[in-house]
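Here the structure comes first, spelled out in C-alpha cells, and everything after it is commentary.
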Amino acid sequence: MRSKTETRETKLDACDITRMLEACPGDETESLFAFADRTRKHFVGDSVHIRGIIEFSNYCTRNCMYCGLRRDNRNLLRYRMTPDEIVAAAKNGILSGYRTIVLQSGEDPYYSASDIARITEGIKSCGDVAVTLSIGERTLSEYATMRSAGADRFLLKHETADAELYLRLHPGASLETRLECLQNLKSLGFQVGSGFIVGLPGQDISTVAEDITLLKLLDCDMAGIGPFIPHPDTPLALHPPGDVMMTLKALAVTRLILPYANLPVTTALSTLRNDGRHLALSCGGNVIMPNITPAKYRELYEIYPDSASLRDPEDGGIREIAVMLEAMGRKMSTTRGDSFRRETGTRGAPSS
Ligand code: 5AD
Ligand code: SF4
C-alpha cells in the first residue's frame with residue numbers, strides 16, 4: 001500500500017523508530033524494506049552513485065576496541081602511501097569513471113593538513129571530481145585548510161550515540177568531541193557523513209534508535225551503517241558479529257528519516273553477505289563505494305578480516321557494478337552525486 005507520507009518527509013519519533021526496528025522477519029520487514037525502497041526512489045531516484053575509496057595509510061593513533069588498525073595491534077604491518085602515489089591512484093580511478101574519490105586512513109597525524117590540502121588539489125586538478133575525506137578528528141583550522149583546498153565532503157561516523165558506550169569503546173575519546181568535529185565540518189560547508197556500527201557490545205534496539213535519531217539531529221548528508229565484525233587482534237575478538245537483518249532495518253529506517261541522504265552499502269555488510277550490495281540497495285541504499293587502493297596495500301588495511309573490498313578488482317569493478325545495477329533496474333549515476341541540497345539549494349523538491 002502506498003501511503004500519503006511517501007510524498008513528504010516522514011516525521012517519526014524515537015518510539016516510532018524503535019517500533020520499526022522491532023519489525024519481525026517476514027511480512028513486517030518486507031513492508032518496511034519496500035517502504036524504504038519507494039521512499040529512496042521518490043526522493044533520490046534510481047541512480048546509484050559510485051565512490052572510489054583509496055585507503056592511503058593504516059597507521060592510527062587511536063585505540064578503538066573493535067578495529068584492527070588500533071594503535072595497540074602490533075600484528076599489523078603498517079604502510080603509508082606517498083602524496084604522489086595517492087594522486088596517481090585517484091587519477092586511475094577518475095580514468096575508470098569515478099566522479100568521487102574518497103581518501104580514507106587511520107588517524108594519522110603524519111599527514112599535515114597542508115599535505116591533505118595539496119593531495120586534494122592534485123586530485124581536483126584531474127577533472128570535475130568530488131573529494132571526500134575520511135581521516136578522523138582534526139582541529140577546526142585543519143579542517144578549514146582542507147576545505148579551502150577544495151575538499152567537498154567529510155565522513156566521520158559517530159559510531160555509537162550512547163556516550164557511555166562510546167567512552168568504553170574509544171579509550172581517551174568522547175562522543176562530545178566527535179560531535180564537535182561534526183559541527184565544525186558542517187560550519188565549514190563540507191557535506192557531512194556520519195554513521196554507526198550495529199552489534200557493538202552493550203548496544204540494544206534503543207541504542208540503535210538513538211543512533212538514527214542522532215543522524216537526523218545532525219541532518220547528515222550521508223550515513224554509513226554497517227554490522228560489527230570481530231577482529232582477532234582486538235579486545236572484541238570473541239564478540240559475535242552484528243546482525244545483518246538489524247543492519248538492514250536500521251538502513252531502511254534511516255532512509256525514512258533522512259529521505260534525501262546518500263546512504264552507502266557498507267563494506268562490512270558485503271563482508272558478511274555476498275549479496276550485501278543487492279540487499280542494501282533494495283532497502284534504502286543509493287551509493288556503492290568500491291575499493292580502488294593499489295593491490296599491494298589492500299590486505300594491510302585490515303579493519304576486520306576477509307573484507308569484501310579485497311574481492312574488488314583494481315579498478316573497483318565499476319563495469320561489473322554497472323551490469324549488476326542494470327539487472328536491478330537501477331542505473332549508475334553520471335553526476336558527482338552531491339548532497340541533494342547542494343544540487344538544488346533546497347530539500348523541497350523530489351529528484352527524478
Ligand atoms: N567491524 C565493523 N566496522 C568497523 N569499523 C572499524 N572496525 C570495525 C569492525 N570491527 C568501521 C568504523 C569506522 C570505519 C572506518 O570502519 O565504523 O568508522
Ligand atoms: Fe583508527 Fe578508525 Fe580504526 Fe578507530 S576505527 S582504530 S580511528 S582506523
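The values are calculated or read from the model by the stated rules, or taken from the named source; none is laboratory data. Fair warning: this is a prediction, and the values are worked out from it, not measured in the lab. Positions of Cβ are backbone-derived with ideal geometry, glycine not excepted, and every protein chain shown enters the neighbour counts. Each accessible area value is taken on the protein alone, full model and side chains, heavy atoms only, with ligands, DNA and RNA left out. Shrake-Rupley method; radii C 1.70, N 1.55, O 1.52, S 1.80 Å.
For residues that are in contact with an Asp or Glu (Cβ under 7 Å, 6 or more places away or on another chain) and within 25 Å of H231 (Cα to Cα), scanning just region 179-202, find the one that is nearest to ligand 1 (Cβ to nearest atom).
Once the filter is applied, the top-ranked residue is I197.
In region 177-234, how many are open to solvent by 10 Å² or more (accessible area, probe 1.4 Å), assigned to a loop (DSSP other than H, G, I, E, B) and touching a residue at least 60 places away in the same chain (Cβ under 8 Å)?
Number satisfying all stated conditions: 5.
What is the number of the single condition among (1) open to solvent by 10 Å² or more (accessible area, probe 1.4 Å); (2) within 30 Å of M245 (Cβ to Cβ); (3) of a type in the set (G, A, S) that S174 does not meet?
(2)
For G127, work out the one condition from (1) away from ligand 1 (no atom under 16 Å from the Cβ); (2) assigned to a helix (DSSP H, G or I) it doesn't fulfil.
(2)
Looking at E314, is it open to solvent by 60 Å² or more (accessible area, probe 1.4 Å), at pLDDT below 95 and assigned to a helix (DSSP H, G or I)?
no
Given the criterion within 18 Å of A295 (Cβ to Cβ), more than 16 Å from ligand 2 (Cβ to nearest atom) and either in contact with a helix residue (DSSP H, G or I) (Cβ under 6 Å, 6 or more places away or on another chain) or among the aliphatic types (A, V, I, L, M) (or both), identify the matching residue among A88, A34, A117, A113.
A88
Can you name the residue in region 120-142 that is of a type outside the set (G, A, S), more than 19 Å from the chain's Cα centre (by Cα) and farther than 23 Å from P290 by Cβ and is also surrounded by the most Cβ atoms within 10 Å (Cβ to Cβ) among such residues?
E142
Yes/no per residue for (1) under 19 Å from the mean Cα position of the chain (by Cα); (2) surrounded by 23 or more Cβ atoms within 10 Å (Cβ to Cβ); (3) part of a helix (DSSP H, G or I); (4) not polar (S, T, N, Q):
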residue	(1), (2), (3), (4)
C60	yes, no, no, yes
L69	yes, yes, no, yes
A88	no, no, yes, yes
V102	yes, yes, no, yes
